[in-house]
């Protein structure tokens, strides 16, 4: 380890953190505290040259290589035992061209970094609902968020990417160069290289009207049925997802209802202000709203509204699907298991992926589920490891109940857990065979396998 760390320190400008450093435990930590791994070194890269050096060291030493942006990966893909970690957090710069409405975003930027840079111009990159989410992982998996229905997935706004490949070269991928790689990056996850810089088309997004509407749990069937019908044809500037929420201690929650379980619709209206009341009225009509925090706010405020619910160091276990139709039977299963939501940070979120996201052709990007209407995720999040067994079981039981009604074996790659490796072909859907061919062209030895992995075509690689 000493020789390796010394060699890396001679080659990189960023810090090389090893077990001998006092901040090693902090440097190796990711958001999901279930993954307490001990890499040989965490390299806090500051530029592409640093990334190239770490890739070369991992390749030469036959070491596992993890790539970390925001560190939110539920399976803990941002860390690894006895290998190397490329930590991109220092590469978080964002440069905005307000005339062309384009942003150049560093590979380690978070959604909050992007929001901070773009909001003063009344612009945004679509995707995400938590500001500490890494833009890299969010984008490469597809990118769901409040603006999906109006602007599409995050990948639908990606114009180009600078990528360091397994052989150490940096290339640019776009519609005009390395087109096969560009296609694969848009939905194929971190399988093809380390993206050190993204170029995004920006969209108009000034102040929005948004936040959660709370309904009684007993009204959940009516809320889900009404939501199902309305979101199918609602104005596309409306982002809205359903979820369960144990009421937090907050000024808008009646004191005698703190700790009670509600169902919620979390909203984001990015359309004309004068149409707000008309657009929200169908959501208010599905059942009596018992509490709410809906107001005019900058998009970054909405994107950070739930950050406190997912601080670093919690336990995470998630399961997810894609569905075309939210059936009555599925609604019944959601209610049966939603009533047992075990922790204030746990929930099931039902994200819509219709509207603009479905107007991109099925073969234009690697996101293989353009025909689906919803992405449900059962997100178990809690603080005490002593509760792991019970909380994991809640997620598994919930998922087992809703999965037969999904009509699909695949789910959103960014919502997977560490026991979902076998689902990769279904999660990438119709794109999987083509992705495997691109993988063989750009990473034939599967160096980048610490991810929702795509084995190179015809390589028989099982790393």
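General remarks:
- Residue match in the stretch 307-317 (condition: under 30 Å from residue 26 (Cβ atoms), in contact (Cβ under 8 Å) with a residue 60 or more places away in the chain, surrounded by fewer than 18 Cβ atoms within 10 Å (Cβ to Cβ) and touching a helix residue (DSSP H, G or I) at 6+ places or on another chain (Cβ under 9 Å)): yes
- Number of the condition not met by residue 47 [criteria: (1) farther than 15 Å from residue 450 by Cα; (2) in contact with a strand residue (DSSP E or B) (Cβ under 6 Å, 6 or more places away or on another chain)]: (2)
- Residue in the stretch 44-55 that is part of a loop (DSSP other than H, G, I, E, B), farther than 14 Å from residue 80 by Cβ and out of contact with any helix residue (DSSP H, G or I) (no Cβ under 7 Å at 6 or more places or on another chain) present: yes
- Residue check: residue 21 meets all listed conditions (1) in a loop (DSSP other than H, G, I, E, B); (2) touching a strand residue (DSSP E or B) at 6+ places or on another chain (Cβ under 6 Å) but one, namely (2).
- Check on residue 402, touching a helix residue (DSSP H, G or I) at 6+ places or on another chain (Cβ under 8 Å), under 23 Å from residue 74 (Cα atoms) and not in a helix (DSSP H, G or I): no
- From the list 380, 411, the one residue that fits, being assigned to a strand (DSSP E or B) and within 25 Å of residue 246 (Cβ to Cβ), is 380.
- Residue match in the stretch 231-238 (condition: buried (at least 23 other Cβ atoms within 10 Å of the Cβ), in a helix (DSSP H, G or I), touching a strand residue (DSSP E or B) at 6+ places or on another chain (Cβ under 7 Å) and at pLDDT 95 or above): yes
- Condition check for residue 448: within 23 Å of residue 70 (Cα to Cα), more than 16 Å from the chain's Cα centre (by Cα) and assigned to a loop (DSSP other than H, G, I, E, B): yes
- Search result, residues across the stretch 183-201 that are at negative phi and buried (at least 24 other Cβ atoms within 10 Å of the Cβ): 184, 185, 186, 188, 190, 191, 192, 194, 195, 196, 198, 200
- The sole residue among 50, 21 that is at negative phi and surrounded by fewer than 21 Cβ atoms within 10 Å (Cβ to Cβ) is 21.
- In the stretch 56-71, of all residues being over 21 Å from residue 111 (Cα atoms) and touching a strand residue (DSSP E or B) at 6+ places or on another chain (Cβ under 7 Å), the one that is surrounded by the fewest Cβ atoms within 10 Å (Cβ to Cβ) corresponds to 63.
- Checklist (1) free of Cβ contacts under 8 Å to residues at least 40 places away in the same chain; (2) surrounded by fewer than 22 Cβ atoms within 10 Å (Cβ to Cβ); (3) in contact with a helix residue (DSSP H, G or I) (Cβ under 9 Å, 6 or more places away or on another chain) applied to residue 26, failing item: (3)
- For the stretch 250-284, the set of residues classified as surrounded by fewer than 16 Cβ atoms within 10 Å (Cβ to Cβ) and touching a strand residue (DSSP E or B) at 6+ places or on another chain (Cβ under 6 Å) consists of 252 only.
- Taken over the stretch 175-195, residues that are more than 20 Å from residue 76 (Cα to Cα) and part of a loop (DSSP other than H, G, I, E, B) amount to 5.
For (1) surrounded by fewer than 21 Cβ atoms within 10 Å (Cβ to Cβ); (2) closer than 19 Å to residue 443 by Cβ; (3) in contact with a strand residue (DSSP E or B) (Cβ under 8 Å, 6 or more places away or on another chain), each residue gets a yes or a no:
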{"site": "112", "(1), (2), (3)": "yes, no, no"}
{"site": "115", "(1), (2), (3)": "no, no, yes"}
{"site": "134", "(1), (2), (3)": "no, no, yes"}
{"site": "141", "(1), (2), (3)": "no, yes, no"}
{"site": "147", "(1), (2), (3)": "no, no, yes"}
{"site": "154", "(1), (2), (3)": "no, no, yes"}
{"site": "158", "(1), (2), (3)": "no, no, yes"}
{"site": "168", "(1), (2), (3)": "yes, yes, no"}
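- Inside the stretch 401-416, residues that are in contact with a strand residue (DSSP E or B) (Cβ under 9 Å, 6 or more places away or on another chain), within 15 Å of residue 348 (Cα to Cα) and surrounded by fewer than 22 Cβ atoms within 10 Å (Cβ to Cβ) make up a count of 1.
The values are calculated or read from the model by the stated rules, or taken from the named source; none is laboratory data. Just so we're clear, the structure is a prediction, and the values are computed from it rather than from any experiment. Cβ: placed from backbone, ideal geometry, glycine included. Neighbour counts: every protein chain shown.
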